[in-house]
1. Could you list, in sequence order, all residues of region 1-41 that are among the hydrophobic types (A, V, I, L, M, F, W, C), within 18 Å of the chain's Cα centre (by Cα) and closer than 15 Å to S87 by Cβ?
2. Name the residue, out of E13, E44, that is surrounded by 16 or more Cβ atoms within 10 Å (Cβ to Cβ) and among the acidic types (D, E).
3. Can you name every residue in region 52-105 that is closer than 14 Å to D116 by Cα and not in a helix (DSSP H, G or I)?
4. Can you list residue pairs whose Cβ atoms sit under 8 Å apart, with the first residue in region 49-61 being touching a residue at least 40 places away in the same chain (Cβ under 8 Å) and within 12 Å of E13 (Cβ to Cβ) and the second being aromatic (F, W, Y) and assigned to a helix (DSSP H, G or I)? Count only pairs 6 or more apart in sequence or on different chains.
5. Residue by residue through region 87-143, note down the ones that are at positive phi and touching a residue at least 40 places away in the same chain (Cβ under 8 Å).
6. Based on this model, can you work out whether N170 counts as exposed (fewer than 15 other Cβ atoms within 10 Å of the Cβ), touching a Phe, Trp or Tyr at 6+ places or on another chain (Cβ under 8 Å), at pLDDT 95 or above and farther than 18 Å from I103 by Cβ?
7. Would you say I139 is surrounded by 19 or more Cβ atoms within 10 Å (Cβ to Cβ), at pLDDT 95 or above, more than 14 Å from A42 (Cα to Cα) and out of contact with any Cys (no Cβ under 9 Å at 6 or more places or on another chain)?
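The values are calculated or read from the model by the stated rules, or taken from the named source; none is laboratory data. The model shown is predicted, which means the values in this text are computed figures rather than measured ones. All Cβ positions, glycine included, derive from the backbone under ideal geometry; neighbour counts span all protein chains shown.
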Amino acid sequence: MRKELLSLLESLEKTKSDFWNISRDTAVFISNIIKTAKYKTALEIGTSNGYSGIWIAYSLGSTGRLFTIESHKKGRYSMAQENFKKSGLKNITQILGHAPEVIPKTPKKFDFVFLDATKEEYILYFEALKNRLKKGGVIVADNIYSHPEPLRPFIAKIKNSPGWKVYEMNIGTGLLIGLRS
């Protein structure tokens, strides 16, 4: 990782409590999933200030593409836009809006999906995306241990959906890994 990019990520880590950024351990874990599987198309729901998006875009490499959705125009969307510019990464497409309505139609399938937005809506995101994830693709959902009640319906839904292998990881605030088989 370039020194400037690492420096930017370190500065964003200082804002973790203000912008609910994932932990560095979570970011490295997600990065390793993407790199190991050689994923090329990713969707992130919940951009915030861009911290996790930078990790994902970097991990996809220059031939990959991250689509990232943020609903808060004032503050977070423009802040992420600035941080993406500072990162020098050219493989990020920002989308402003409410995720269930603005999930891009193209590409038709994603390799990787990261959920870190309104917890009660994870089930809606899953319904919208379950058939748009390639076989062998992964949905990673953050906050399953820190927000168990609002995520209970989503967790039950994905665990009981045919064609999904589901794992829980005690990393950061808890991750659910859904592998489409």
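1. The answer is L9, L12, A27.
2. Just a single option satisfies the conditions, and that option is E44.
3. F67, T68, I69, E70, S71, H72, H98
4. Y51/F19; I54/F84
5. Correct list: G88, G136.
6. Here the answer is yes, as N170 does meet what is asked.
7. Judged against the criteria, I139 is not a match.
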